[in-house]
Structures are given as structure tokens and as C-alpha cells.
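The values are calculated or read from the model by the stated rules, or taken from the named source; none is laboratory data. What you are looking at is a predicted structure, and each value in this text was computed from that prediction instead of being measured. All Cβ positions, glycine included, derive from the backbone under ideal geometry; neighbour counts span all protein chains shown.
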Amino acid sequence: MLKTSLLEVNEIFGPTIQGEGKLVGNPSIFIRFGKCNFKCEGFAVEYETPSGIKKCSCDSYYAVDPAFKDQWHQMSADTIIQEVKKLEPTYKTDIVITGGEPLLYWKHQEFQQLLKYYVNNGYKVTIETNASLTIDFEHKYQKSILFSMSVKLSNSLEPLKKRINEITLKRILKHTQDSYLKFVVSNDFITQAKEEIKVIAQLVPTAQIYLMPMGDSAQEIREHCQSVIAMAIECGYKYCDRLHIRVWDNQRGV
């Protein structure tokens, strides 16, 4: 049974470009949801909460940490659609659903209404997810979504049992086309990443795998990209830059 509560939206922005993954460079509008089931303190992006507490998390900490909840907006699917229309150019951009962890809302009626609207109206919809939550595919429109699965490795400092959901990985790849895995890797994590990704790849041997350099600034991307490219070439994976960070650092809304 679907939940009927409103959705917690951190921000809606664009048109901009998709900065990473299979559709990098595509004109896109982003709908970023608040709330996440991970903290990913190992990614070591330092920030300060509105009350002045210093923490570490991923580069989307403002959509992850409940300390920023006052900045999230309670919205219905219809309201989100109207806000996106204000940003749309004269053509249909891609729609990117991100977070936080948007699949926390998968069982919400408003979330499914949002997805159904964009798929049925001819938009290319990507969901950026850590793929750790179990979901079901009950409707045809759900199978037209591209899932960009940023499965977390041990450098996130999240526990293995929580990070890897074999059921979800297999289910998404079975029911959708072109969905893929992507991993964030740094210079000092290459050896460990090779072993961890190899294990995951054995669970879903048909999945395309992309590697991305760690960093929330252009300088950090430059520091890590060459070793990550070398790993991709060695292992037969695909390299994907983080174009939005290389161009705008961690600036929001672009």
C-alpha cells in the first residue's frame, strides 16, 4: 500500500547538464529529495550545520543531514511538476531524481505519480540511488527509468550489510534497460576498490561499471582522476568524470 504523505524536497534546479554517469553532458533539470539512509562520513566533505556543529559527509550533506530539514520543502507531485515547468526551456530536458536517497520515497503515492507523469510524457528519467533499499517493480512506467546506482564501498564507512543489497541490484537490472553501477574511488583506495568492486560485479555480471574520482572540488578531481582512469583501463570498466564539480566545484544549483 502506497503512503499518501507529501514529499520532502531539498531543491529543484536547472536547466544544467548531467555531471556524471552514462548521460554526462545531457541538459537536465534536477529534483533533489531530502533524507538519506546513509551518512558516508568516510567521504570527508567537511561542513557546518545551521546550529554550528562541524561534521563530515558526502558532497550533498545538505540533503542528507536532518539538521538541514528546515530548508526542505513539503511538496506534492503536482507542485513539483509546476516548479519544474518554470525552469524548462523550449525543449524537454532529462529529469534527474536525486538526493539524499530518493528511493526512500519509492512507496509514496506522490513519488510514483511524479515518475509516472514524466515517463508517460516522454521525458528521460534518471534516479540517482545508492541501491541499498529493496523496491518492487509493479508498473510498466517504472521499467522505463534509468537507475544510476552509486553503490557505496567501504571508504564510505557504511557497514557492508547495509551497503550491498543483492536483491535490489538484480531486480533493477532485470526490470530496466541501461541501468548501471558507479563507484567513487580515490588515489589511496585503488587496491581495496578493485577487490570490493570485483565481488559486487560477480553478483551482477551483466552490469556496466563506471568509476569516478573522489572530490568535491576541481582540484581534488584532478588529483584523483589519473589513477582512477588507470584502474578503469586495467579492469575493463568505464571512466566517468564528475563534470559539474570540475566546472563549478561544489556550488549548488548548477
task = For residues that are surrounded by fewer than 21 Cβ atoms within 10 Å (Cβ to Cβ), in contact (Cβ under 8 Å) with a residue 60 or more places away in the chain, under 17 Å from the mean Cα position of the chain (by Cα) and assigned to a loop (DSSP other than H, G, I, E, B), tally how many sit in the stretch 133-171.
result = 2
ask   = Restricted to the stretch 172-208, and to residues that are farther than 17 Å from Ser154 by Cβ and of a type in the set (A, V, I, L, M), which residue is surrounded by the most Cβ atoms within 10 Å (Cβ to Cβ)?
value = Ile172
message = So, in the stretch 30-63, exactly how many residues are closer than 24 Å to Gln109 by Cβ and either touching a Phe, Trp or Tyr at 6+ places or on another chain (Cβ under 8 Å) or part of a loop (DSSP other than H, G, I, E, B) (or both)?
response = 8
note = Result of the Cβ filter at 8 Å on the stretch 21-33, keeping first residues that are on the phi > 0 side of the Ramachandran plot and partners that are among the aliphatic types (A, V, I, L, M), at least 6 apart or interchain, is Gly25/Ile17; Gly25/Leu243
query = Is at least one residue of the stretch 10-23 in a loop (DSSP other than H, G, I, E, B) and over 15 Å from the mean Cα position of the chain (by Cα)?
reply = no
ask   = What pairs can you find where one residue is in the stretch 74-96 and on the phi < 0 side of the Ramachandran plot and assigned to a helix (DSSP H, G or I), the other is among the small types (Gly, Ala, Ser) and modelled with pLDDT under 95, and their Cβ atoms are less than 6 Å apart, with a gap of 6+ or different chains?
value = none
key: Search result, residues across the stretch 1-29 that are more than 19 Å from Asp249 (Cα to Cα), surrounded by fewer than 18 Cβ atoms within 10 Å (Cβ to Cβ), among the aliphatic types (A, V, I, L, M) and in contact with a helix residue (DSSP H, G or I) (Cβ under 8 Å, 6 or more places away or on another chain)   = Leu2, Leu6
